[in-house]
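The structure is given below, and queries will be raised subsequently.
The values are calculated or read from the model by the stated rules, or taken from the named source; none is laboratory data. The shown structure was predicted, so the numbers you read here are calculated from the model rather than taken from an experiment. Virtual Cβ from ideal backbone geometry, glycine too; neighbours counted across all protein chains shown. Only protein heavy atoms, including side chains, enter the accessible area calculation; ligands, DNA and RNA are left aside. Shrake-Rupley method; radii C 1.70, N 1.55, O 1.52, S 1.80 Å.
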Amino acid sequence: TGRCHNTESHQWHVGFPDGRIVRSAMGQYCYEKDGRTQTSIEESIDGGNSWKKISHFLQGYWFYTHKLKKLSDGSIVSAGFLMQSFGPGGSVEQRKSIVPGQIQAGDTCFMISSDGGYTWDGPHFVLQGIISWEPDFVELPDGSLLFINSTIQAGRAVRQIVRRTDTGFVNEPVMEIRRGSPTDSNPQGGFTPETVTMTPDGLIVGARRGGVYSCSNDLGENWYEIADAPKCVYQPIIEALPDGRFLTAWHYDGDVPFGQLDMYIGTHTFRLKHDLPKSTALTLERQLSQDGSQYINAFTARLTSEGKPVVGREIQMRVRQTWLADGTANPVDIAESPDIRLATTDENGKAKFALTEMDIIRDIHHGYSVIVNFIPKPDDDCADCKGPSRGAYPLTPKRNCP
């Protein structure tokens, strides 16, 4: 195997129980005879011996197809990076051209087909504001899609859930990946996986070229290295097999011309026995006065694991004033605020914080923000988590007060 000139290069395939195979080609590099700026879809009903074009999409744009997956209802999703067309007849001269004023090279999106690849809907944009050349995703039990971006292409390690509704797809916020993200200035650092699959019980397992295999039990927020596994090889793709095994396919070496090195396709197959820290979650609620008529400067954080309270754990709260003494905005990020308070969870998993110094403020425009975190001790069986942040005004009105 290797890179070579080929006007009909195909990268991704999905199969159906009746033996039908659907494949996609990266738009613009292929199918010059049919128009360069489009992504073409073909099918085979004879085991891949012959192929017939059945559809195309995103004509006039370059879509870097990087994943083609079939969902539980039979729908096909094609995910990748969308950019302007380039070269002869394109919008820009070459692929990495940036027009004046352009902020980033393109956007990540996906197309979806509910009829086996004959018609397509989209693009549906995801991971907004993030450069994500090669994202991957898994389907959650409720039919939502969880997109994960690794740092392998120097993009930020993030994740995002996309909900399916009666009228289309709705993006939840782009969320950070904590454990597994870079811990230094290396933009390709960390070990977040570039290809992921999920088991029926919600465990996500991933692989990364030249790196470790890892898994997550909290929807990709924290990743844990899998011991006794080999290093993964170049540009892998991983699948969870029905018999409980995981299969990763990859190719030896890298992006080199055909014939230059002795490259080959290889696989890793393994079963996984895991004993991961319990996933945790934090909520944050502002408290009311005893008579329920007014919000006060006190907050309750609640730590749970699998819906049950976690007792006797220390919760950290950071406090940040919105305005400085001279009336200018405070430039310090809430997550870096040096004003730190600590409290321990009770039998209900609740930790209470009283900010009584705020009670004497009589400026209706003054505000502050708080954020909570759980950082376990080394021998704890619970995973760390970041809780929500919220803004507040120290001076609040009373209900039903004339």
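Is there a quick way to get the dipole size of the chain? I mean about its Cα centre, with the Cβ of Lys and Arg at +1 and of Asp and Glu at -1; what is the value in debye to the nearest 20?
Dipole about the Cα centre, nearest 20: 380 debye.
Under the rule that an exposed site lies in a DSSP loop and has at most 11 other Cβ atoms within 10 Å, name the longest stretch of the chain with no GluC sites (Glu not before Pro) of that kind, not counting the sites themselves.
Value returned for the longest uninterrupted segment is 94-305.
Consider just the alpha-carbon atoms of the chain and return their Rg together with their Dmax, both in angstrom.
Every Cα atom of the chain included, Rg and Dmax give 25.2, 84 Å.
With all protein chains present, calculate the accessible area of ASP184 using a 1.4 Å probe and round the result to the nearest 10 Å².
100
Further, regarding this structure: Identify which of ARG245, ARG313, ARG178 has the largest mean-square fluctuation in a Gaussian network model of the chain, with springs joining Cα atoms closer than 10 Å.
Top of the fluctuation ranking is ARG245.
How much accessible area does THR283 have with a 1.4 Å probe, in Å² rounded to the nearest 10?
Here the accessible area works out near 80 Å².
Also, I was wondering about something else. How much of the accessible area of the range 109-263, probe 1.4 Å, is carbon plus sulfur, in whole percent?
Carbon with sulfur: 52 percent of the solvent-accessible area.
Using +1 at the Cβ of each Lys and Arg and -1 at the Cβ of each Asp and Glu in the range 261-380, identify which of ASN348, VAL372, ASN297 lies farthest towards the dipole's positive end.
Going by the charge dipole, the pick is ASN348.
Right, next: Put SER40, SER279, SER50 in order of accessible area, largest first, 1.4 Å probe: what do you get?
SER50, SER279, SER40
Would you calculate the separation in nanometres between label points at ARG286 and ALA329, each defined as 7 Å from the Cα along the Cα-to-beta-carbon direction?
With each label placed 7 Å out from Cα toward Cβ, I get 2.0 nm.
With each pseudo-label sitting 7 Å past Cα toward Cβ, what's the HIS5-ASP46 distance in nm, one decimal?
According to this spin-label approximation, the distance is 2.9 nm.
Hey, another quick one. Suppose we look only past 14 Å in the calculated P(r) of the range 202-273. What percent of the Cα-Cα pairs does that tail hold?
Cα-Cα pairs in the range 202-273 separated by more than 14 Å: 61 percent.
Can I ask one more? How far apart, in nanometres, would the label points at ARG271 and THR356 be if each is projected 7 angstrom from Cα along the Cα-to-Cβ direction?
Between ARG271 and THR356, the simple spin-label model gives 6.0 nm.
Further, regarding this structure: Label the range 74-177 by shape, choosing from rounded, prolate and oblate, from the square roots a ≥ b ≥ c of the eigenvalues of the Cα gyration tensor; if a/c is under 1.5 it is rounded, and otherwise prolate applies when a/b is larger than b/c, oblate when it is not.
In terms of gyration-tensor shape, oblate.
Among HIS274, ILE238, GLN287, which residue has its Cα furthest toward the positive end of the charge dipole of the range 228-338, with +1 on Lys/Arg Cβ and -1 on Asp/Glu Cβ?
In the range 228-338, that residue is GLN287.
Go through VAL212, VAL319 and list them by solvent-accessible area, largest first, probe radius 1.4 Å.
Sorted descending by solvent-accessible area, the residues read VAL212, VAL319.
How big is the charge dipole of the range 129-229 about its Cα centre, in debye rounded to the nearest 20, if each Lys and Arg gets +1 on its Cβ and each Asp and Glu gets -1 on its Cβ?
Dipole size: approximately 240 debye.
Can you sort ASP333, ASP228, ASP253 by 1.4 Å-probe accessible area, starting with the largest?
Order by accessible area, largest first: ASP228, ASP333, ASP253.
Can I ask one more? For the range 67-114, what is the accessible area per residue in Å², given a 1.4 Å probe and the full set of protein chains?
In whole numbers, the range 67-114 has 46 Å² accessible per residue.
Based on the Cβ-Cβ distance from LYS377 to GLU239, what FRET efficiency comes out when R0 is 41 Å, to the nearest 0.05?
The pair LYS377/GLU239 has a calculated efficiency of 0.65.
Right, another one. Report, in whole Å, the centroid distance computed from the Cα atoms of the range 366-402 and the range 300-336.
Centre-to-centre distance over Cα atoms comes out at 5 Å.
Do any trypsin sites (Lys or Arg not before Pro) in the range 43-130 lie in a loop, going by DSSP, with at most 10 other beta-carbon atoms within 10 Å of their beta carbon, and if so which?
LYS96
Skip the ligands, DNA and RNA, and give the accessible area per residue of the range 182-241 with a 1.4 Å probe, whole Å².
Here the per-residue accessible area is 41 Å².
Then there's this: Could you pull out every one of the lysines with an alpha carbon less than 16 Å from that of LYS53, ignoring same-chain neighbours closer than 8 positions?
Within the straight-line cut-off, LYS53 pairs with LYS33.
Now a separate question. Measure up LYS67/LYS308; LYS350/LYS377; LYS308/LYS352; LYS70/LYS278 against 28 Å on the Cα-Cα distance and list the ones that go over.
Violating the 28 Å limit, Cα to Cα: LYS67/LYS308; LYS70/LYS278.
Can I ask one more? Which one of PRO135, SER55, GLN321 has its Cα pushed farthest toward the positive end of the charge dipole of the chain, where Lys and Arg give +1 and Asp and Glu give -1 at the Cβ?
Sorting the options by dipole projection puts first GLN321.
Still on this model: Could you state how much accessible area ILE340 has, in square angstrom rounded to the nearest 10, with a 1.4 Å probe and all protein chains kept in place?
ILE340 exposes around 70 Å² with every protein chain in place.
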